[in-house]
């Protein structure tokens, strides 16, 4: 089975444009407090979530927007939740980090490493209520130093829980270089906790897509009992500045997955999607039901 370049690109593009709209709202003061986006992680998320089916669960961290968007959560409900409105996804009480969608079996938390215990809970329930289904935990490499995450990986191994642990590594634990606070090799650490650990280029959505089903099929088909740990590397140091990606030297970084995926022959008719679009167009579309989309805007 081969990945659909069109489907993956549309998912990543939809997530990026949505978060650009969120950035505009945040910059204009319509969203309170801090904001953690998934920019730069779209290839990792799309490559994994494309294999998620009904009954599978998502345990997310503070950058949970992209998985929720790609899983099909209503975009208007997300925007309204970020703004603290009562008709948001969680009645305006979750903000952008503590989001729950029972319909999609998805939950996020702002506590670093908390996706591990949540995924184990989802997986334990699946063993009893939905045999053959899996739970996916997303987290950054900085979370690998949190005790609860390592305990979760150990528990998943000891109890043979159907969990796929997805580590998104960009070399930075928020503002701290990870190599300054992390000892040893993370792949070896994951294997030492009993997981089937692999490494993949997180900017290559096709590589992630091909790695994910190996874990997914093995767990669902009970070909082995050890949980999976996928180590996906993002670009080297990438900072978010005004909603744009720049490297440590201040140079604008293009969408890494744009350059790779747009070369796919199947994308010949979709290269127009790489054109810029103003976030304000998307905002008007999200927040005003039935409002016409301005000429030139791309409907997500």
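Just so you know, all these numbers are worked out from the coordinates, no wet-lab data involved. Remember, predicted model here, so these are calculated numbers, not experimental data. In this analysis, Cβ positions are derived from the backbone assuming ideal geometry, glycine residues included, and neighbour counts consider all displayed protein chains.
A few comments on the model shown:
- Which of 103, 6, 180 has the fewest Cβ neighbours within 10 Å, and the rest in rising order: 180, 103, 6
- Rotationally averaged projected area of segment 139-188 (alpha carbon convex hull; nm²): 3.6
- Fewest-first ranking of 193, 77, 68, using other Cβ atoms within 10 Å as the exposure measure: 77, 193, 68
- Among 138, 124, sorting on how many other beta-carbon atoms sit within 10 Å of each Cβ, with the fewest leading, yields 124, 138.
- In summary, the convex hull built on the alpha carbon positions of segment 87-169 has an orientation-averaged projected area of 5.8 nm².
- Computed from the Cβ-Cβ distance with R0 of 30 Å, the FRET efficiency linking residue 199 to residue 10 stands at 0.65.
- Convex hull projection area averaged over all views, segment 10-139, Cα basis, nm²: 7.3
- The length gained on full extension between residue 54 and residue 125, counted as 0.36 nm times the residue separation minus their Cα-Cα distance, comes to 24.1 nm.
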